[in-house]
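*Asks:* My questions will all concern the structure given below.
The values are calculated or read from the model by the stated rules, or taken from the named source; none is laboratory data. For clarity, every value in this text was computed on a predicted model and none was experimentally measured. As a convention, Cβ positions derive from the backbone with ideal geometry for all residues, glycine included, and neighbour counts pool all protein chains shown. These accessible areas exclude ligands, DNA and RNA; they are computed on the full protein's heavy atoms, side chains included. Shrake-Rupley method; radii C 1.70, N 1.55, O 1.52, S 1.80 Å.
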Amino acid sequence: MQPEPEKILIIQTASIGDVVLSTALAKSLHQRFPDATIHYLLRAGYESLFEAHPYISKVWTWDKRKQKYRSLLKLATAIRKERYYLVINVQRFFSSGLITLLSGAKITSGFQKNPLSSFFNHAYPHRIEASVGSPHEVERNHALLSFLNGIAPAKPALYPSKTDNDRITGYTKLPFITISPASLWFTKQFPEQKWVELVEALHRNLNILLLGSKADIALCERIKKVTGRPYLVNLAGQLSLLQSAALMKHALMNYTNDSAPMHLASAVNAPVTAVFCSTVPEYGFGPLSDVSHIVQIAENLDCRPCGLHGRKGCPQGHFRCANDIKVSQLTAVL
């Protein structure tokens, strides 16, 4: 008979979107082992995602920017004292593999791409291919639990608190949409002028809320200034990740790039329309909400996709994968 793990650690120290997608594992493990204690290890700065999480009782953080390897060993020592029974390592780097091994956990599971995977109890392939029928990243992650009996794959889930919901109440009294126009990568970001065209194409009386981080304030302010339309509010830098997710849940539609806001919407089952420019949904990172739409260029370009994570500029110089998308494709979903 398979033993019931009393204490579980999930490791995912990648970007916000990857962390959000990995929450599906926490949900699946909780459903299978409701009495188990579940902890998480994240990159420092993302811990607020789990402030109100009902079954993640502790969050470890690793600050890669400060004495990276010294802090890693200090963290590994502290984690070892927790005496985890099961460690699920979603990350594929040496550092997470080292923490996994030093944890002293009885059972470890991770991807074969991790340099230390040969020392895990269970190691599974992680293949990303731009082909029709390729699995979603959530499915790839769930392979890490395939050695456990009775696991029912779940979807990503975040849980905004009452405080988060109270913070956004003033914006939800009238029908609205949100637009998250920014991306860390140039080739994953729908051009600024295209977002302007979308705003101008929408009904003048429709409330529009622009979302983003502090780094996106200037972009959102330019969109607001150029369009000069009423009922448009720049909320970039004003809401936390969970508050943004809470707001998205009440929207008529949430427009995003292939980026973190898309995954935030999926994690609260909010309606979402995701614009894919240089990347393609076949990679397995598309939206998972019950109401979700994917907008991309209709033509098959030989140069698309040009990379998994996006680029700082279009290698061909024309950026047709974004520029040739029609704004009418976005308005059609409303």
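*Asks:* Which of the residues belonging to the stretch 57-93 are part of a loop (DSSP other than H, G, I, E, B) and either aromatic (Phe, Trp, Tyr) or without any contact (Cβ under 8 Å) to a residue 24 or more places away in the chain (or both)?
*Replies:* Listed by number, the residues that qualify are SER57, ASP63, ARG65, LYS66, GLN67, LYS81, TYR84, TYR85, PHE93.
*Asks:* If you take just the helices (runs of 4 or more DSSP H) that sit entirely in the stretch 231-323, which of them hold at least 3 residues that are crowded, with 22+ Cβ neighbours inside 10 Å?
*Replies:* The qualifying helices (runs of 4 or more DSSP H) are 241-249, 260-267.
*Asks:* Does any residue in the stretch 94-114 that is farther than 20 Å from PRO125 by Cβ come within less than 6 Å, Cβ to Cβ, of a residue that is part of a helix (DSSP H, G or I) and open to solvent by less than 40 Å² (accessible area, probe 1.4 Å) six or more places away or on a different chain, and which pairs are these?
*Replies:* SER95/LEU72; ILE99/ALA76; LEU102/ALA76; SER103/ILE79
*Asks:* A further question on this structure: Mind checking which residues of the stretch 280-291 are in contact (Cβ under 8 Å) with a residue 24 or more places away in the chain and under 15 Å from the mean Cα position of the chain (by Cα)?
*Replies:* TYR283, GLY284, PHE285, GLY286, PRO287, LEU288, SER289
*Asks:* Let me ask something else about it. Could you please find all residues in the stretch 56-96 being of a type in the set (S, T, N, Q) and under 25 Å from the mean Cα position of the chain (by Cα)?
*Replies:* Result: SER57, THR61, ASN89, GLN91, SER95, SER96.
*Asks:* Sort out which residues of the stretch 190-212 are open to solvent by 60 Å² or more (accessible area, probe 1.4 Å) and not in a helix (DSSP H, G or I), and write them in order of number.
*Replies:* Matches in the stretch 190-212: HIS203, ARG204, ASN205.
*Asks:* It is to be established whether one or more residues within the stretch 21-30 are open to solvent by less than 60 Å² (accessible area, probe 1.4 Å), among the hydroxyl-bearing types (Ser, Thr, Tyr) and not in a helix (DSSP H, G or I).
*Replies:* no
*Asks:* Something else now. From the list GLU192, GLU200, GLU282, which one is in contact with a helix residue (DSSP H, G or I) (Cβ under 9 Å, 6 or more places away or on another chain), within 26 Å of GLY313 (Cα to Cα) and among the acidic types (Asp, Glu)?
*Replies:* Residue meeting the stated conditions: GLU192.
*Asks:* Select from the stretch 101-137 the residues that are part of a strand (DSSP E or B) and either modelled with pLDDT under 95 or polar (S, T, N, Q) (or both) and write down the one among them that is farthest from the chain's Cα centre (by Cα).
*Replies:* Step by step, filter the stretch 101-137, then rank; the result is THR108.
*Asks:* Please state which of the following conditions ILE107 fails to meet, knowing it meets all the rest: (1) surrounded by 22 or more Cβ atoms within 10 Å (Cβ to Cβ); (2) of a type in the set (Val, Ile, Thr); (3) touching a His at 6+ places or on another chain (Cβ under 9 Å); (4) over 21 Å from HIS309 (Cβ atoms).
*Replies:* (1)
*Asks:* Name the one entry in ALA152, ALA157 that is among the aliphatic types (A, V, I, L, M), at pLDDT below 95 and surrounded by fewer than 21 Cβ atoms within 10 Å (Cβ to Cβ).
*Replies:* Unique residue meeting the criteria: ALA152.
*Asks:* May I ask you to list pairs of residues, at least six apart or on different chains, whose Cβ atoms are under 6 Å apart, with the first in the stretch 168-189 being at positive phi and open to solvent by 20 Å² or more (accessible area, probe 1.4 Å) and the second being assigned to a helix (DSSP H, G or I) and modelled with pLDDT of 95 or more?
*Replies:* Listed pairs, sorted by first residue: none to list.
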